[in-house]
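Asks: Here it is, the structure, as structure tokens.
The values are calculated or read from the model by the stated rules, or taken from the named source; none is laboratory data. Since this is a predicted model, take the numbers as computed values, not measurements. Because the Cβ atoms are built from the backbone with ideal geometry, glycine has one as well, and the counts that use them run over all protein chains shown. Please note that ligands, DNA and RNA were not included when accessible areas were found on the heavy atoms of the full protein model with its side chains. Shrake-Rupley method; radii C 1.70, N 1.55, O 1.52, S 1.80 Å.
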Amino acid sequence: MGQGHANSKPEEVDESMVLVGSEEDFKKSKRIRATVNDREVVIFYHEGKYHALDLRCYHSGGPLHLGEIEDCNGQTCIICPWHKFTIALGTGEGLYQGKDPENPTAKKWYSKGVKQRVHKVTIRNGAVYVALSDTSIRYDSDYYASEKFDEKTCIKK
């Protein structure tokens, strides 16, 4: 799956929305990394829907833009490439498979709760904008949101 990077400096539309690309950009690349108000985010275009979330995985700062998208129990999820943590794109929930106590031979999906910050995507006249979610509410991914990483190794500087 291709990955893109916004070519030009994001254009601010108002205080909350930042231009991250065109719909055409997303149809070609399926994912674009951008900086929105000093926060690194990744925006996915999957099956006709847009999803924006913090770029770094809540668990250990893994680069989510390099992860695979999978369906997990009816939810579209990104799988972190470092430790295979599963994150629902629509909600930011951390998901895991465990044994069903009522049927120990069957695996069942469980939620750890919202761990990854998701952001609002708006489409206007063929342009894709992202507005950050309310940062007064803390999520686990906030820990890595302000860290700077080496682009080639994805390791904290």
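Asks: Restricting to segment 76-107, name every residue that is part of a strand (DSSP E or B), of a type outside the set (Ser, Thr, Tyr) and open to solvent by 50 Å² or more (accessible area, probe 1.4 Å). Give the derivation first.
Replies: Here is the first cut: in segment 76-107, the ones part of a strand (DSSP E or B) are 76-79, 86-88, 93-100, 103-107.
Then keep just the ones that are of a type outside the set (Ser, Thr, Tyr); that gives 77-79, 87-88, 93-95, 97-100, 103-104, 106-107.
Within segment 76-107, 97, 99, 103, 104, 107 meet the criteria.
Asks: Another question, then. Does residue 40 satisfy the criteria of being at pLDDT below 95, crowded, with 16+ Cβ neighbours inside 10 Å and either not polar (S, T, N, Q) or not in a strand (DSSP E or B) (or both)? I'd like the intermediate steps shown before the answer.
Replies: Details: at pLDDT below 95: yes; crowded, with 16+ Cβ neighbours inside 10 Å: yes; either not polar (S, T, N, Q) or not in a strand (DSSP E or B) (or both): yes.
In short, yes.
Asks: For segment 59-71, does any single residue satisfy the condition of being part of a strand (DSSP E or B), free of Cβ contacts under 8 Å to residues at least 60 places away in the same chain and more than 24 Å from residue 18 (Cα to Cα)? Step through it out loud before you land on a result.
Replies: From segment 59-71, those part of a strand (DSSP E or B) are 63, 68-71; that's our starting set.
With free of Cβ contacts under 8 Å to residues at least 60 places away in the same chain added as a condition, the list becomes 70-71.
Among the residues that remain, those that are also more than 24 Å from residue 18 (Cα to Cα) are: 70-71.
Within segment 59-71, one or more residues are part of a strand (DSSP E or B), free of Cβ contacts under 8 Å to residues at least 60 places away in the same chain and more than 24 Å from residue 18 (Cα to Cα).
Asks: Could you run through segment 108-136 and say how many residues are at pLDDT below 90 and surrounded by 13 or more Cβ atoms within 10 Å (Cβ to Cβ)?
Replies: Narrowing segment 108-136 to residues at pLDDT below 90: 108, 135.
Restricting the remaining residues to those that are surrounded by 13 or more Cβ atoms within 10 Å (Cβ to Cβ) gives 108.
Counting residues in segment 108-136 that are at pLDDT below 90 and surrounded by 13 or more Cβ atoms within 10 Å (Cβ to Cβ) gives 1.
Asks: Within segment 4-27, can you find the residues that are at pLDDT below 95 and loosely packed, with under 14 Cβ neighbours inside 10 Å?
Replies: Residues satisfying the conditions are 5, 7, 8, 9, 11, 12, 14, 15, 27.
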